[in-house]
Amino acid sequence: MRIVVLGATGNVGTALLHRLHEAPEATEIVGVSRRGPDRGGAPYDGVEWHRLDIGEPAAGPLLEELFRGVDAVVDLVWVIRPNRDRAHLRAVNVEGSRRVFEAAAAAGVPHLVYASSVGAYGPGPKDRPVDESHPTTGTPTSHYASQKAEVESILDDVEGEHPGMLVTRLRPGLIFQAGAGPEIKDYFLGDLVPAPLVARLRTPLLPFPLGLRFQALTAQDVAEAYWQVIAHRAGGPFNVAADPVLDAHTMGTVLGSKRILELPVGVFRALAALTYRARLQPTDPGWVDMAAAVPVMDTSALRRATGWRPSTDAREAVRLVLDHLDGREGLGNAGHRSHSPIE
């Protein structure tokens, strides 16, 4: 089985490469990224590498040629930095995704697997889980959520025009692994909080957004989900997350907090907006809006279709990344690290 992984040096991409190396059926692994890995060794060795930026208009014909004769294409490409350069984000995330989908269809790829997100969902309940039929309208004030929703709509069109191509889209919650800790800190905290202060963080008092509930899992478990949908040729949308659903109480347990101070979400949004405008950190308030709006997901469809089960619970997934926010090496690709001032 020849499998192409776009975005192969990222958080999920590296975990998926590890998983594919373990699968005897995956006889040929093709990795695609803008720069390729900075180092050899696991999981990068034994991969056929292509350096390609899907945000460039010229990428379309190159992708089509690359996809000919493959058994599956897994599209993991998504950029969230630089956060203020919305034209760049759109060029890669929306137009780049369109190029990937259209090239896969033109090349006759039998199975296209796309990395969507819980962020694609419109506002939904926090007190009960929703299945994959929940509307994918995004959160209007979040560029990430709006673009995820738009790309799902593009994929709907391509899927409808090419019924012979099996299409799978995974909608995971937050995805963590130890090796991605430095990148995650760079993406969302910048230099606002020194890494030594957040590494192995324990806090006696936890301020937490009132009513917020969210889901998470490890990169290794979501990589297993990608492999299972390929191995089972399972098409359609699938929610992906580990138990338990995380809230003020479970996060207090993770952080060893004796007291939890729940404050209105608007307080956290205002703080994010203020520090973002002041260029103290790179996360705009739309991320808070999305976290507050997205529903809790029911993951039973994926379990029924493939037998997938997470090996690590959501609390441990969070702890893994918190304990490695001060790491120096990261995933082995300097392109995932920010060494410049806040945008």
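The values are calculated or read from the model by the stated rules, or taken from the named source; none is laboratory data. Keep in mind that this is a model prediction, so the values were computed, not measured. Every residue, glycine as well, gets a Cβ built from its backbone with ideal geometry; the counts of neighbours run over all protein chains shown.
Couple of notes before you dig in:
- Any hit, the stretch 95-102, residues being closer than 24 Å to Pro282 by Cα, of a type outside the set (Asp, Glu) and in contact with a Gly (Cβ under 8 Å, 6 or more places away or on another chain): yes
- Qualifying residue in the stretch 101-109 (condition: of a type outside the set (A, V, I, L, M, F, W, C) and either over 30 Å from Arg213 (Cβ atoms) or crowded, with 24+ Cβ neighbours inside 10 Å (or both)): yes
- Close pairs from the stretch 113-134: first in contact (Cβ under 8 Å) with a residue 60 or more places away in the chain, partner aromatic (Phe, Trp, Tyr), Cβ under 6 Å, at least 6 apart: Gly119/Tyr144; His134/Tyr121
- Positions within the stretch 232-262 being within 26 Å of Val113 (Cα to Cα) and over 21 Å from the mean Cα position of the chain (by Cα), in sequence order: His232, Arg233
- Answer residue from the stretch 201-257, given it is more than 25 Å from Thr9 (Cα to Cα) and of a type in the set (Lys, Arg) and is surrounded by the fewest Cβ atoms within 10 Å (Cβ to Cβ) among those: Arg202
- All told, Gly60 meets the bar of being of a type in the set (Gly, Ala, Ser) and closer than 23 Å to Glu152 by Cβ.
- Being modelled with pLDDT of 95 or more and more than 19 Å from Ile230 (Cβ to Cβ) holds for only one residue in Ile54, Ile80, and it is Ile54.
- Search result, residues across the stretch 258-280 that are surrounded by 14 or more Cβ atoms within 10 Å (Cβ to Cβ) and in contact with a Pro (Cβ under 6 Å, 6 or more places away or on another chain): Val265, Phe268, Arg269, Ala272, Ala273
- Meets criteria (buried (at least 19 other Cβ atoms within 10 Å of the Cβ), under 18 Å from Ile54 (Cβ atoms), of a type outside the set (A, V, I, L, M) and free of Cβ contacts under 8 Å to residues at least 60 places away in the same chain) for Tyr144: no
- Spans of helices (runs of 4 or more DSSP H) in the stretch 197-305 with at least 2 residues at pLDDT 95 or above and of a type in the set (Val, Ile, Thr): 219-231, 265-277
Condition check ((1) out of contact with any helix residue (DSSP H, G or I) (no Cβ under 9 Å at 6 or more places or on another chain); (2) under 25 Å from Gly236 (Cα atoms); (3) buried (at least 19 other Cβ atoms within 10 Å of the Cβ); (4) at pLDDT 95 or above) across all residues:
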| site | (1), (2), (3), (4) |
| --- | --- |
| Val4 | no, yes, yes, yes |
| Asn11 | no, yes, yes, no |
| Leu16 | no, yes, yes, yes |
| Arg39 | yes, no, no, no |
| Leu66 | no, yes, yes, yes |
